[in-house]
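Just below is one structure, and these are the notes that go with it.
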Amino acid sequence: MHPDGYPLYRRRCKYSYVKDGISAKYNAHINVKAMTTIGAIKYLFKYVYRGPDRAVARVERAANGEGAPDDAPIRDEINEFVEGRYISAPEAVHRFFGTRPMKYCADRPVPLNAPPSRSKLTGFFDLCAQAPDVKLTCTVLNTDVPRYYSWNKEKLHWKRRVHDRTVIGRIYTVPLRSGERYYLRMLLEVVKGPTSFADLFEFKGVVHPSYRAACAAPGRLLADDGKNHTCLTEVAQIQTGDQLRRLFVFMLIHATVAHPPALLERHFDSLSDDARYHIDRYKDVPVDDETLRLRTLNKIRLLLAASDRSLGDFNLPKLSEAELQLFDRPEDRLPERHEIALKPH
């Protein structure tokens, strides 16, 4: 049994590992494998996030022979979703036993407004300044306010809820190209109990000239790649190595990464979680830590090359010619879809 939880099978080339009796019994594509750790079954949960496995296409000729839009049939999008959706094993078990697969939870967007507009954000600052509940307002984040307070649209202020309820405070998405608003959003996720916009510029007694400078202060979000670590850690729970590598390269090219080698080393296990599966197919390449490292670096190199960048541009380990030849195979070359995915929109 390998340390990562995946079993090492002794498989002779006789297809004896295929349990055809089980397939006949359950009338499905099914097989049996041994599992010892949660790492061996995480793919079962990640599969839901890969997108649909089926595409439905239909070609019809219009009545007038010209294909006029007025003659196009009405799409039943609800039926298309029901027929094409993927239900994972955990959700299927929930449905078999009559358990509710989801629970309604209120969702309250928290807008980002710059001064002097009167908004929920400025109301949040006033709430922290007035401190009606010192213990709560001094430790509350902007996204947590809707859980304890409701917004009074007439008086434009936050009012304490009689009963706390599960409400999600959602901050609007802000792209990196938005500049200062992007860094303002980052600060609102970590600064507790600010009383004004000026509080967001201050960190450890030092007032910084901009939101970006405040994020890049020593010990802050951009200084130690804290935001990037958090992002990769969260995405690793629902995505596979291929998607994580593309995200990692996107961070290197379009975001601010202070220490790329340290970021790569910390998340290397997630970035290479599919390498063992692919190397197993190579009869002339041993499966060990070194080949896992080389294949992962080569994949990152190919993604960077699509944007005319290299591993050396980010102080990442370079590959020798011999190491490049090891994985110079058609299945390891970069498809065109990756080049499109890496281009900023």
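Being closer than 18 Å to Glu265 by Cα and not aromatic (Phe, Trp, Tyr) is the filter here; which residues of segment 304-318 pass it?
Once the filter is applied, which keeps residues that are closer than 18 Å to Glu265 by Cα and not aromatic (Phe, Trp, Tyr), segment 304-318 yields Leu304, Ser310, Leu311, Gly312, Asp313, Asn315, Leu316, Pro317, Lys318.
How many residues, within segment 178-198, are touching a strand residue (DSSP E or B) at 6+ places or on another chain (Cβ under 8 Å), surrounded by 13 or more Cβ atoms within 10 Å (Cβ to Cβ) and among the hydrophobic types (A, V, I, L, M, F, W, C)?
Residues of segment 178-198 touching a strand residue (DSSP E or B) at 6+ places or on another chain (Cβ under 8 Å): 185, 188-189, 198.
Remaining after also requiring surrounded by 13 or more Cβ atoms within 10 Å (Cβ to Cβ): 185, 188-189.
Subset that is among the hydrophobic types (A, V, I, L, M, F, W, C): 188.
Number satisfying all stated conditions: 1.
In segment 259-298, how many are of a type in the set (A, V, I, L, M), free of Cβ contacts under 8 Å to residues at least 40 places away in the same chain and in a loop (DSSP other than H, G, I, E, B)? Step through it out loud before you land on a result.
Kept after step one, since they are of a type in the set (A, V, I, L, M), are these residues of segment 259-298: 262-264, 271, 275, 279, 285, 287, 292, 294, 297.
Narrowing further to those that are free of Cβ contacts under 8 Å to residues at least 40 places away in the same chain: 262-263, 271, 275, 279, 287, 292, 294, 297.
Next, from what is left, pick out any that are in a loop (DSSP other than H, G, I, E, B): 287.
Qualifying residue count, segment 259-298: 1.
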Yes or no: segment 219-235 includes at least one residue that is of a type in the set (Gly, Ala, Ser), over 23 Å from Pro317 (Cα atoms) and modelled with pLDDT under 90. yes
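Going through Phe327, Phe314 one at a time, which residue ends up being surrounded by 18 or more Cβ atoms within 10 Å (Cβ to Cβ) and at pLDDT below 85?
Of Phe327, Phe314, the one residue that is surrounded by 18 or more Cβ atoms within 10 Å (Cβ to Cβ) and at pLDDT below 85 is Phe327.
With respect to Ala198, determine if the residue is in a loop (DSSP other than H, G, I, E, B) and either under 30 Å from Asn315 (Cα atoms) or out of contact with any Lys or Arg (no Cβ under 6 Å at 6 or more places or on another chain) (or both). Don't jump to the end; show me each part of the working.
Working: in a loop (DSSP other than H, G, I, E, B): no; either under 30 Å from Asn315 (Cα atoms) or out of contact with any Lys or Arg (no Cβ under 6 Å at 6 or more places or on another chain) (or both): yes.
For Ala198, the condition - in a loop (DSSP other than H, G, I, E, B) and either under 30 Å from Asn315 (Cα atoms) or out of contact with any Lys or Arg (no Cβ under 6 Å at 6 or more places or on another chain) (or both) - is not met.
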Do the conditions hold for Arg108, that is, is it modelled with pLDDT under 75, in the same structural domain as Asp199 (by the TED database) and of a type outside the set (Asp, Glu)? no
Among the numbered conditions (1) part of a helix (DSSP H, G or I); (2) among the aliphatic types (A, V, I, L, M); (3) more than 30 Å from Leu297 (Cβ to Cβ), tell me where Leu247 comes up short. (3)
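The values are calculated or read from the model by the stated rules, or taken from the named source; none is laboratory data. Quick caveat: nothing in here was measured; it's all calculated off a predicted structure. Methodologically, a virtual Cβ is constructed for each residue, glycine included, from the backbone with ideal geometry; neighbour enumeration extends over all protein chains shown.
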